[in-house]
Amino acid sequence: MSKVGIGIVGSRFQADCIATSVRAMPEEMEAVAVASPTKGHAETFARRHGIPSFYSDYREMLKNPAVEMISITAPNRLHAQITLDAATAGKHVVCEKPLCVTLEEADAMIDGCAKAGVLLLYAEELFFAPKYVKAKQMADEGAFGRIHLVKQGEKHSGPHADWFWDVNQSGGGALMDLGCHGIAFCWWFLGKQKVKSVYAQLSTQVNGKRTQGDDEAITIIEFENGAIGMVESSWNKPGGMDDTIEVFGDKGQTYADMLMGNALPTYSETGFGYAVEKASSTKGWTYPVFEEHWNYGFPQEMRHFARCVRGKETPISDGQTGRVVQEVLYAAYASAGLGKKIALPFRPKGIAKPIDLWKKPELAQAAL
Ligand SMILES: NC(=O)c1ccc[n+]([C@@H]2O[C@H](COP(=O)([O-])OP(=O)(O)OC[C@H]3O[C@@H](n4cnc5c(N)ncnc54)[C@H](O)[C@@H]3O)[C@@H](O)[C@H]2O)c1
């Protein structure tokens, strides 16, 4: 069967990752178009990645019959509208995390794609990260007995683009940006069971001048079978990206460090080109990674999504996954606002963005 034609919306950080990942799996898919509004960016991106078509308006790209599936790598506030436009145009959708900003948007995206008969795929690459997949395989074989605690942490020195720091564009801070990975991870690792309650402690420790958002977040998720997920998210960690998990059961445990654990402990007095995402220096002791995208699982994720389009695989991460994460994000912000545990289901209506539930606790209280 032919390769799945992919159109990328956006041309910066995550777009580069997706284009590179698509190229790494040439037997399943190819990037056929890119759209980005800033003059010249789509064209430069297309030349860099050998993509034949480029557009300044994604809606024009959606008219291209070679595009079967789009990958949305635009800011969070645009995910819902782009998804709905793509569904109307009959294109399958891969949406980067977080799925969107509000629960209403999540519902509309899921309904819109279902009605149009297209797939809505939620890009949570941790479900494909080889180390984490190995940990889950062992857990599913019973290696750790009954698992009672799963931890995931994602920490770096803060986002590269201004819009992340503007809560009106992002919807929230480190919890929204990084915590969405850990929430999805714990839920997936524990077999996608129901979330019973959420407790979160949020603060803005370092970046109060730059953002209204949380830059430090600890989220505790209680699952239906009593197991606990614990998610640590931070924009305050210098020295490069950190992504780790810990799994504890009554018969054993495992630990995985995705980046430092896949790196070369290195000392250099002169420095060199690149060590790891968001590392500010390559001088002295550093931990340069190799096969960075592969270790995260991005090529494997896009391969899986392309195979879903061809009916060869069933999605393991879809719009429903994104909605579960979105509801936990709402509950976590509400928990921080009220200083107490929030029981699920928790689906307040009319919230403009998740962080409002922290900043305006009366909104959270009214939803209980
Ligand atoms: N899975 C991951 O680990 C991961 C990593 C980074 C980013 N992301 C997600 O990917 C998305 C993009 O993040 P990023 O880091 O690439 O941001 P970025 O700021 O580097 O890039 C955003 C891109 O969107 C484009 N854009 C803005 N408005 C647009 C519009 N109307 N139509 C089309 N394109 C438009 C910008 O021109 C830019 O090219 C975010 O939702 C982010 O959370 C996911």
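The values are calculated or read from the model by the stated rules, or taken from the named source; none is laboratory data. Being a predicted model, the structure only gives us computed values, none of them experimental. For neighbour counting, all protein chains shown are included, and Cβ atoms are generated from backbone atoms with ideal geometry for every residue, glycine included. We work out accessible area using only protein heavy atoms, side chains counted, and drop any ligands, DNA or RNA first. Shrake-Rupley method; radii C 1.70, N 1.55, O 1.52, S 1.80 Å.
Got a number for the accessible area of Val195? Probe 1.4 Å, square angstrom, nearest 10.
20
Which of the residue pairs Lys3/Lys91; Lys192/Lys237; Lys209/Lys359; Lys155/Lys196 have a Cα-Cα distance greater than 20 Å in the structure shown?
Those over the limit are Lys192/Lys237; Lys155/Lys196.
Determine the distance separating the Cα centre of the range 157-210 from the Cα centre of the range 26-49; give it in Å without decimals.
29
Could you report the range 297-368's accessible area per residue, 1.4 Å probe, as an integer in Å²?
Value returned for the range 297-368: 39 Å² of accessible area per residue.
Need one word for the range 194-346: rounded, prolate or oblate. Basis is the Cα gyration tensor (sqrt eigenvalues a ≥ b ≥ c); a/c below 1.5 gives rounded, then a/b vs b/c decides.
oblate
So if I place +1 on the C-beta of Lys and Arg and -1 on the C-beta of Asp and Glu, and nothing else carries charge, what would the dipole magnitude of the range 247-325 be about its Cα centre? I want it in debye, nearest 20.
Value, rounded to 20: 300 debye.
Let me check I've understood the local charge: for Ala336, count other residues with C-beta under 10 angstrom from its C-beta, Lys and Arg +1, Asp and Glu -1. What total comes out?
Charge balance near Ala336 sits at +1.
Taking the Cα centre of the chain as origin and charging only Cβ (+1 Lys, Arg; -1 Asp, Glu), how large is the dipole, in debye to the nearest 20?
In debye, rounded to 20, the chain gives about 320.
Add +1 for every Lys or Arg and -1 for every Asp or Glu among the other residues with Cβ under 9 Å from the Cβ of Val325, and state the total.
0
Give the peptides 299-305, 247-253, 227-233 in descending order of average Cβ contacts within 10 Å, highest first.
Highest mean packing first, the order is 299-305, 227-233, 247-253.
Taking Cα centroids, how far is the range 222-283 from the range 58-100 in Å?
Each part reduced to its Cα centre gives a spacing of 31 Å.
Give the accessible area for Asp162 in Å² (nearest 10); use a 1.4 Å probe, count only protein heavy atoms, and leave out ligands, DNA and RNA.
Estimated to the nearest 10 Å², Asp162 gives 110 Å².
Would you mind computing, in nm to one decimal, how far apart the modelled labels at Asp107 and Ser280 are, each placed 7 Å from Cα along Cα→Cβ?
4.4
Any idea of the accessible area per residue across the range 32-123, 1.4 Å probe, to the nearest Å²?
40
Let me know the charge dipole size of the range 56-145 about its Cα centre in debye, to the nearest 20, where only the beta-carbon of Lys, Arg (+1) and Asp, Glu (-1) is charged.
With Lys and Arg at +1 and Asp and Glu at -1, about 200 debye.
What is the spread of the Cα atoms of the chain along each of their three principal axes, largest first, in whole Å?
So the three principal-axis extents are 54, 51, 48 Å.
The range 305-368: D in µm²/s via Stokes-Einstein (Kirkwood Rh, Cα pairs, 10 °C, 1.306 mPa s)?
Here the translational diffusion coefficient equals 122 µm²/s.
Radius of gyration and Dmax for the range 261-368's Cα atoms, expressed in Å?
Just the Cα atoms of the range 261-368 yield Rg and Dmax of 21.2, 58 Å.
Suppose only helical runs count, i.e. DSSP H with n ≥ 4. What mean residue ellipticity at 222 nm does that imply for the chain under -39500 (n - 2.57) per run, divided by all residues and rounded to the nearest 500 deg cm²/dmol?
-9500 deg cm²/dmol
Positive end of the dipole of the chain, charges at C-beta (+1 Lys, Arg; -1 Asp, Glu), about the Cα centre: which of Gly171, Leu363, Gln205 has its Cα farthest in that direction?
The Cα lying farthest towards the positive end belongs to Leu363.
In Å, what is the Rg of the alpha-carbon atoms in the range 1-48, and how long is Dmax?
Calculated on Cα positions, Rg and Dmax stand at 10.7, 36 Å.
If you take the beta carbon distance between Arg47 and Gln212 as r and set R0 to 35 Å, what does 1/(1 + (r/R0)^6) give as a FRET efficiency, to the nearest 0.05?
So the FRET efficiency works out to roughly 0.40.
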